[in-house]
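Novice: Below: one structure in structure tokens.
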Amino acid sequence: MTENESVSAQAASARDEYGLVQMANLVASCRSFRRFDEGRRVPEGFLLELVDMARLCANGANRQLLRFRVVSDPAACDAVFAELAWAGYFKDWAGPAVGERPTGYVVIAAERGAAGKPAAPIVEVDCGIAAQTMMLAARSAAPSYAGCMLKAFTLRLIDVLGLDAERYELKLVCAFGLPAEEVRLEPLSASPDGSIKYWRDDAGVHHVPKRSLEDVLI
Ligand SMILES: Cc1cc2nc3c(=O)[nH]c(=O)nc-3n(C[C@H](O)[C@H](O)[C@H](O)COP(=O)(O)O)c2cc1C
């Protein structure tokens with residue numbers, strides 16, 4: 001066994017020994033999904049429950065500067081969708097088509113310190129923690145929902161949501177729905193061009209290359 005193999009082997013045995021298999025599987029299944037079954041909508045109560053969990057998350061100095069807008073009404077979802085950009089690496093894909101679009105959103109904003117002033121930089125960290133918590137919760141549900149975090153939204157979105165731009169800074173859009181695509185984790189070595197770019201195969205399966213444990217340990 002090489003030194004590199006041994007860290008993976010150690011992690012795998014700890015996964016078994018400490019009851020981490022279920023969590024590891026949840027994390028592995030919690031990919032970014034971009035195509036959904038639009039006919040089976042995410043209930044608004046489900047999205048509210050996600051926010052109820054997100055508000056409990058760790059955050060800088062417990063200042064709790066994040067604010068959340070839940071969007072589930074179909075027309076309102078269409079309005080949010082129009083302001084989003086999907087899968088930057090897929091130059092010839094305009095994003096999910098009608099029938100496969102997200103059916104609910106949680107938009108994360110940060111309260112500004114003072115009117116028109118930038119929000120505290122640490123809210124970026126808070127936002128990631130809150131967003132991933134909601135993604136994991138959605139994926140763990142029965143039925144298992146899924147989502148995608150989007151930072152690529154237009155400056156118009158804050159107006160579309162009717163929020164006061166002097167008071168709030170939009171940070172992240174979390175899109176949710178019942179997944180209607182297959183997403184697979186891959187070792188970086190499987191990447192067709194050797195890069196970190198995700199790819200889609202002829203069968204429409206979305207592949208996400210990840211660096212190995214060995215490669216991320218420093
Ligand atoms: C902060 C952040 C911003 C993102 N913004 C976008 C986005 O604007 N559009 C998009 O399609 N995906 C977006 N993603 C999804 C990433 O592309 C995705 O996480 C990455 O390709 C790895 O795939 P995985 O989530 O399945 O591991 C974002 C993810 C994060 C964490």
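The values are calculated or read from the model by the stated rules, or taken from the named source; none is laboratory data. Treat the numbers as computed from the prediction; the structure is a model and nothing was measured. For neighbour counting, all protein chains shown are included, and Cβ atoms are generated from backbone atoms with ideal geometry for every residue, glycine included. Note: accessible area is taken over every heavy atom of the protein model, side chains too, but ligands, DNA and RNA are not part of it. Shrake-Rupley method; radii C 1.70, N 1.55, O 1.52, S 1.80 Å.
Novice: What strands (runs of 3 or more DSSP E) completely inside region 136-192 contain at least 3 residues that are closer than 25 Å to residue 41 by Cα and open to solvent by less than 40 Å² (accessible area, probe 1.4 Å)?
Specialist: Ranges flagged: 146-150, 168-177.
Novice: Considering only residues that are outside any loop (DSSP other than H, G, I, E, B), open to solvent by less than 60 Å² (accessible area, probe 1.4 Å) and touching a residue at least 12 places away in the same chain (Cβ under 8 Å), which ones fall in region 29-67?
Specialist: Result: 29, 32, 36, 46, 47, 50, 51, 54, 60, 66.
Novice: Here are some residues: 17, 49, 38. Which one is more than 20 Å from residue 211 (Cα to Cα), more than 16 Å from the ligand (Cβ to nearest atom) and outside the structural domain of residue 93 (by TED's automatic domain parsing)?
Specialist: Only one candidate passes the filter, namely 17.
Condition check ((1) at pLDDT below 95; (2) of a type in the set (A, V, I, L, M, F, W, C); (3) within 30 Å of residue 93 (Cα to Cα)) across all residues:
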position: 3; (1), (2), (3): yes, no, no
position: 6; (1), (2), (3): yes, no, no
position: 13; (1), (2), (3): no, no, no
position: 21; (1), (2), (3): no, yes, no
position: 32; (1), (2), (3): no, no, yes
position: 42; (1), (2), (3): no, yes, yes
position: 45; (1), (2), (3): no, no, no
position: 53; (1), (2), (3): no, yes, no
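Novice: For region 126-135, how many residues are open to solvent by 30 Å² or more (accessible area, probe 1.4 Å) and farther than 12 Å from residue 174 by Cβ?
Specialist: Total meeting the criteria: 1.
Rundown of residues vs (1) acidic (Asp, Glu); (2) within 16 Å of residue 30 (Cβ to Cβ), yes/no style:
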position	(1), (2)
126	yes, no
135	no, yes
142	no, yes
154	no, no
158	no, no
169	yes, no
205	no, no
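Novice: Using beta carbons and a limit of 7 Å, which pairs, at least six apart or on different chains, have the first residue in region 79-90 and under 13 Å from residue 175 (Cα atoms) and the second one among the small types (Gly, Ala, Ser) and within 7 Å of the ligand (Cβ to nearest atom)?
Specialist: Every condition considered, the pairs that remain are 84/152; 85/152.
Novice: For residue 141, indicate whether it is closer than 18 Å to residue 81 by Cβ, in contact (Cβ under 8 Å) with a residue 12 or more places away in the chain and either within 12 Å of the ligand (Cβ to nearest atom) or over 13 Å from the mean Cα position of the chain (by Cα) (or both).
Specialist: Answer is no for this residue.
Novice: Would you confirm, using the coordinates I've provided, whether residue 87 is exposed (fewer than 11 other Cβ atoms within 10 Å of the Cβ) and assigned to a loop (DSSP other than H, G, I, E, B)?
Specialist: no
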